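Step one of this worksheet: look at the structure below.
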Amino acid sequence: MKPLKRPVRRAILVVHVAASAGWLGLTLGLLALALTAYTTETTSMIEASYRSMNVFTDWLVLPVALLTLLSGLVLSLGTKWGLARHRWVYIKFWLTVATTGASVLVLRPGVSRAADVVASGGVVAEPRDLLMGPAVSLTAYLFMTVISVLKPWGLTRRGRRKRVLASSPKVVDERSMRQTA
């Protein structure tokens, strides 16, 4: 992919940071609602918590997750960081894919089932399961935020290989020969 021009890169970076912060906040809200449902004994509060979680997971989680994933992918491919050049970018990408998949395939159906059960007057069999999903996701998002700021671990094997090839005089000579030919 061609490197992004500065205004485009900055705009996508703003979108990525805003979407990521939104996803983190949304997950914190889901955790608060799940914790409320888990710790309260008031049936109406439990039902309200699960119904609220259902609205969040039905309408917000997937769009925010996909926006975060897409903007991060565009940034990684359109900047010097690359998708597989630096370990922190690579780890963030795969964690984002995993948490997006878990949100869609596990969290959303679980919350939907819980909302249906409490709406029909039943009791959720394992309310702890609905507490663990947002807790694990929140931990993953905080970890991704930390590595985005600190940028640890250096280059991947591919990144080191590309750096060596780019700085090699032989490669430079071959490039200049191709351009003059």
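Things worth noting here:
- Whole-Hz ³J(HN,Hα) from phi, Karplus 6.51 cos²θ - 1.76 cosθ + 1.60, for the stretch 71-84, glycine and proline x: 5, x, 5, 4, 4, 5, 7, x, 10, 5, 5, x, 7, 10
- Choice from 115, 166, 98 showing the highest fluctuation, given a GNM over the chain with Cα pairs closer than 10 Å: 166
- In the chain, helices alone account for a calculated mean residue ellipticity at 222 nm of -26000 deg cm²/dmol, with every DSSP H run of four or more residues adding -39,500 (n - 2.57).
- Judged by the gyration tensor of its Cα atoms, with axes a ≥ b ≥ c, the chain is prolate; a/c meets the 1.5 cut and a/b is the larger of a/b and b/c.
- Rounded Å value of the spacing that divides the Cα centres of the stretch 63-96 and the stretch 112-155: 21
- J(HN,Hα) series, the stretch 137-142, from Karplus relation 6.51 cos²θ - 1.76 cosθ + 1.60, nearest Hz, glycine and proline x: 4, 4, 4, 5, 5, 5
- Between 0 and 90°, nearest 10: helix 43-56 axis offset from the chain longest Cα axis: 30
- Gaussian network model of the chain, springs between alpha carbon atoms under 10 Å - residue of 161, 113, 128 with greatest fluctuation: 161
- Take every Cα pair under 8 Å whose residues are at least 6 apart in sequence, average their separation, divide by the length of the stretch 23-106, and the relative contact order is 24 percent.
- For residue 5, solvent-accessible area (1.4 Å; no DNA, RNA or ligand), Å²: 150
- Remark: relative contact order (the chain) = 28 percent; criterion is Cα-Cα distance under 8 angstrom and separation of 6 or more residues.
- Angle in degrees between helix 169-180 and the longest Cα principal axis of the chain, rounded to the nearest 10: 80
The values are calculated or read from the model by the stated rules, or taken from the named source; none is laboratory data. Bear in mind that the values here come from a model prediction, so they are computed numbers and not experimental data. Keep in mind that these areas ignore ligands, DNA and RNA; they rest on the heavy atoms of the full protein, side chains included. Shrake-Rupley method; radii C 1.70, N 1.55, O 1.52, S 1.80 Å.
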